[in-house]
Amino acid sequence: MSSSNSTVTPGREEGRKTTPGPILLLGAPGVGKGTQAKELIKVWEIPQISTGDLLRGNVAQGTELGKTAKEIMGRGELVPDTLVNEMVAVRLQQPDTANGYILDGFPRTLVQANWLDERLAALGGALPLVAVSIKVDYNQLLRRITGRRNCPVCQSIYNLYGKPPAKEGFCDVDGAALAQRADDTEKVFEERMRAYEALTAPVVEHYRALGRFAEVDGGRPIPEIAAGIVAAVERLRS
Ligand code: AMP
């Protein structure tokens, strides 16, 4: 364990000893998994694998998967396990995953979790998965979801309440007009929370029971949460 509690310093400067391996970020919609994944990329230089982003990419490109997923996602329900597992299998074959990766939004069901566990076991030699659950209370989640805006060009994430852009409606990095995800409305949020409680909360318990599991408070400032995750992963890996 080497990180301070207030800031995250990129790993290459501090010479982090830990090989990150596969890291799983768990938590309800809006807890900040995507935001934290982007912080952790800076620390470990490993890719983020967000099934939500991959699915939105398929929707944007109009692939067969995208056509199937679009309506399901619009309702706040989960895309069938087999389709998502297949998409993840393809992504995990890419060479940038060799030193580790940050799974964000996957697995979301026990079927997906068992599939992933078996797949990692079959690969052999790889470091075991470390799971970190981010916790935030319901009302704060609702504000985060309805206030969330993203840059369609550089993928920066903002929040009208917590992290507004300097110029309203435009990205600080590249000046592009910010967008809102189609499923970031209060009505769809409620359905996504129902899906989370019914299908994904058991996944959290699955990884808690397996060990190599940590829980962090997601109500704190972004760098403090990131430092907490880094410390937890280094502790679980040591
Ligand atoms: P996210 O960006 O992680 O909030 O995901 C947005 C939507 O994509 C979800 O509400 C689901 O409809 C779908 N989705 C993302 N990841 C998964 C997954 N692992 N399993 C099933 N559906 C998913």
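Tabulated values for the structure
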item	result
Table column - 3J(HN,Hα) (Hz), segment 75-92, Karplus curve with 6.51, -1.76, 1.60, x for Gly and Pro	8, x, 8, 8, 6, x, 3, 4, 5, 5, 4, 4, 5, 5, 4, 5, 5, 5
Protection-proxy order for peptides 24-35, 136-147, 45-56, each taking the mean of Cβ atoms within 10 Å per residue, highest first	24-35, 45-56, 136-147
Simple spin-label estimate for Gln94 and Ala121 in nanometres, 7 Å along Cα-Cβ	2.8 nm
Segment Val153-Lys187, extension gain: residue separation times 0.36 nm, minus the distance between their alpha carbons	9.6 nm
The chain: relative contact order in percent, alpha carbon pairs under 8 Å with at least 6 residues between	32 percent
Solvent exposure of segment 83-168 as accessible area per residue, Å², 1.4 Å probe	52 Å²
For the chain, convex hull volume per residue from C-alpha positions, Å³	127 Å³
Added length on full extension, which subtracts the Cα-Cα distance from 0.36 nm per residue, Lys135 to Thr68	21.0 nm
Full-stretch length increase - Arg194, Arg237 - with 0.36 nm per residue and alpha-carbon distance subtracted	12.2 nm
Segment 20-111 - percent of accessible surface contributed by carbon and sulfur, probe 1.4 Å	54 percent
Sum of side-chain charges, Lys135 neighbourhood, beta-carbon under 10 Å (Lys, Arg +1; Asp, Glu -1)	-3
When the convex hull of its Cα atoms is projected in every direction, mean area for segment 97-238 (nm²)	9.9 nm²
With all protein chains modelled, accessible area of Val203 [1.4 Å, Å²]	0 Å²
Projected area, mean over directions - segment 31-152, Cα convex hull, nm²	8.4 nm²
Kirkwood Rh in Å, taken over segment 185-238 so that all alpha-carbon pairs contribute	13.1 Å
Percent carbon-and-sulfur accessible area, segment 181-238, ignoring ligands, DNA and RNA, probe 1.4 Å	54 percent
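The values are calculated or read from the model by the stated rules, or taken from the named source; none is laboratory data. Since this is a predicted model, take the numbers as computed values, not measurements. Cβ sites come from the backbone with ideal geometry, for glycine too, and all protein chains shown count toward neighbours. To get the accessible areas, we keep the full protein, side chains included, count just its heavy atoms, and leave off ligands, DNA and RNA. Shrake-Rupley method; radii C 1.70, N 1.55, O 1.52, S 1.80 Å.
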